[in-house]
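Input: a single structure, listed below in structure tokens.
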Amino acid sequence: MAPSRIAVVTGASSGIGAATASKLAAAGYRVVLTARRADRIEALAKELTEAGHQATAYPLDVTDREAVDEFATAFKAISVLVNNAGGALGADPVATGDPADWRTMYETNVIGTLNLTQALLPKLEASGDGTVVVVSSTAGLGTYEGGAGYVAAKHGAHVLAETLRLEIVGKPVRVIEIAPGMVKTDEFALTRFGGDTDKAAKVYAGVAEPLTADDVADTITWTVTRPSHVNIDLLVVRPRAQASNTKVHREL
């Protein structure tokens with residue numbers, strides 16, 4: 001692949017990842033879409049290409065380090081890495097939470113981000129102007145009942161970004177963290193509640209305008225396209241109706 005203006009987006013098969021890939025492609029980046037669901041990213045890559053943009057699909061499980069290292073060999077240099085792959089499972093209290101769900105969330109949100117960042121950091125540095133984006137969550141900055149497993153994982157992602165920024169200061173790579181609040185996508189809440197549509201719907205009940213995937217993608221693209229010397233360390237973005245993780249205005 002050509003070394004200039006390549007943006008890798010993980011979790012690009014739906015939601016924020018797919019929207020971010022589309023926004024970055026429109027901004028002139030050659031986007032590489034990664035996710036486990038090959039059919040989804042291949043369809044989006046085709047759609048973007050037909051619209052006149054540059055896009056490539058690469059099926060990838062971010063928790064598979066061997067596969068990630070193999071993926072990294074495709075590049076001499078890249079400009080942007082958007083660590084978006086993640087997600088939540090369950091909303092049980094600590095006393096009854098499923099350790100398997102906790103482990104899966106940690107592996108995806110933290111180890112997956114670590115895998116891609118480690119594998120591609122030399123390529124980002126080689127570009128002379130690289131950017132690492134970590135899509136965390138407001139869950140990484142505050143707690144709420146029933147969310148400990150997800151909160152712990154997103155705290156891990158937050159600390160990873162914060163520490164990396166300290167460790168590579170002076171190198172030509174920015175580290176940006178985007179922490180979205182309530183975002184309504186087709187899959188996030190549905191996945192969290194094991195396909196239970198009623199439970200998923202209650203998350204957004206009475207909220208007139210939760211954030212959309214496009215809202216977050218716009219935010220990510222804005223931070224990435226700032227001048228090279230400008231680093232947006234941490235940007236929290238919530239809908240107007242959400243004042244905190246636990247205080248949301250609902251019109252029921």
Each label sits 7 Å from Cα toward the beta-carbon; between THR73 and GLU107 the label points are separated, in nm, by 2.4 nm
For GLY130, list long-range residues whose amide hydrogen, built 1.01 Å from N in the peptide plane, is under 5 Å from its own amide hydrogen. VAL173, ARG174
When the Karplus curve 6.51 cos²θ - 1.76 cosθ + 1.60 is applied with θ = phi - 60°, which whole-Hz ³J(HN,Hα) does each residue of region 29-43 get, with x for Gly and Pro? 7, 8, 8, 10, 8, 10, 4, 6, 8, 4, 4, 5, 6, 5, 5
Over region 7-145, average the accessible area per residue using a 1.4 Å probe and give it in Å², no decimals. 42 Å²
Per DSSP, the loop-located chymotrypsin sites (Phe, Trp or Tyr not before Pro) within region 182-216 having at most 12 other beta carbons within 10 Å are none
What shape does region 1-92 take by its C-alpha gyration tensor, where a ≥ b ≥ c are the square roots of the eigenvalues and a/c under 1.5 counts as rounded, a/b above b/c as prolate, and the rest as oblate? oblate
For region 60-154, which GluC sites (Glu not before Pro) are both in a DSSP coil and crowded by at most 16 other Cβ atoms within 10 Å? GLU145
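Just from its helices, what would the mean residue ellipticity at 222 nm be for the chain, if runs of 4 or more DSSP H residues each count -39500 (n - 2.57) and the sum is divided by every residue, rounded to the nearest 500 deg cm²/dmol?
Working: 9 runs with 101 residues, N = 252.
Result for the chain, helices only: -12000 deg cm²/dmol.
Say R0 is 22 Å: what FRET efficiency, to the nearest 0.05, do GLU209 and ALA26 get from their beta-carbon distance?
After rounding, the FRET efficiency stands at 0.40.
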Taking max minus min of the Cα coordinates of region 156-252 on each principal axis, largest first, gives extents in Å of 50, 25, 22
Relative contact order (percent, whole number), the chain, Cα cutoff 8 Å, 6+ residue spacing: 19 percent
If you find the alpha carbon centre of region 101-173 and of region 29-50, how far apart are they in angstrom? 23 Å
Ignoring ligands, DNA and RNA, what percent of the 1.4 Å accessible area of the chain is carbon and sulfur? 52 percent
³J(HN,Hα) computed for each position of region 176-193 - Karplus, 6.51 cos²θ - 1.76 cosθ + 1.60, integer Hz, glycine/proline x: 10, 10, 10, 10, x, x, 6, 10, 9, 10, 5, 10, 4, 5, 4, 5, 4, 9
Could you give me D for region 60-103, from Stokes-Einstein at 10 °C and 1.306 mPa s, where the hydrodynamic radius is the Kirkwood radius over C-alpha pairs? Units µm² s⁻¹, please. 118 µm²/s
Amide H proximity to GLU177 below 5 Å, modelled H, separation 5+ or other chain, gives VAL134, LEU234, LEU235
If we sort 91-104, 161-174 on the protection proxy, mean other Cβ atoms within 10 Å, highest first, what's the order? 161-174, 91-104
Using a 7 Å offset from the Cα along the Cα-to-Cβ direction at both THR96 and GLU187, what is the distance between the two label points in nm, to one decimal? 2.8 nm
Go through region 197-211 residue by residue and turn each phi into a ³J(HN,Hα) via Karplus (6.51, -1.76, 1.60, θ = phi - 60°); whole Hz please, and just put x for glycine and proline. 5, 5, 5, 5, 5, 5, 4, 10, 4, x, 8, 4, 9, x, 4
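Quick check on my link table: of LYS46/LYS154; LYS154/LYS247; LYS23/LYS247; LYS123/LYS154; LYS46/LYS202; LYS76/LYS171, which ones sit more than 23 Å apart, alpha carbon to alpha carbon?
Violating the 23 Å limit, Cα to Cα: LYS46/LYS154; LYS23/LYS247; LYS123/LYS154; LYS46/LYS202.
The values are calculated or read from the model by the stated rules, or taken from the named source; none is laboratory data. On a predicted model such as this, the values are computed, not experimentally measured, just so you know. Ideal geometry is used to build each Cβ from the backbone, glycine not excepted, and the neighbour counts take in all protein chains shown. Just so you know, the surface numbers come from the protein's heavy atoms only, side chains and all, with ligands and any DNA or RNA stripped out. Shrake-Rupley method; radii C 1.70, N 1.55, O 1.52, S 1.80 Å.
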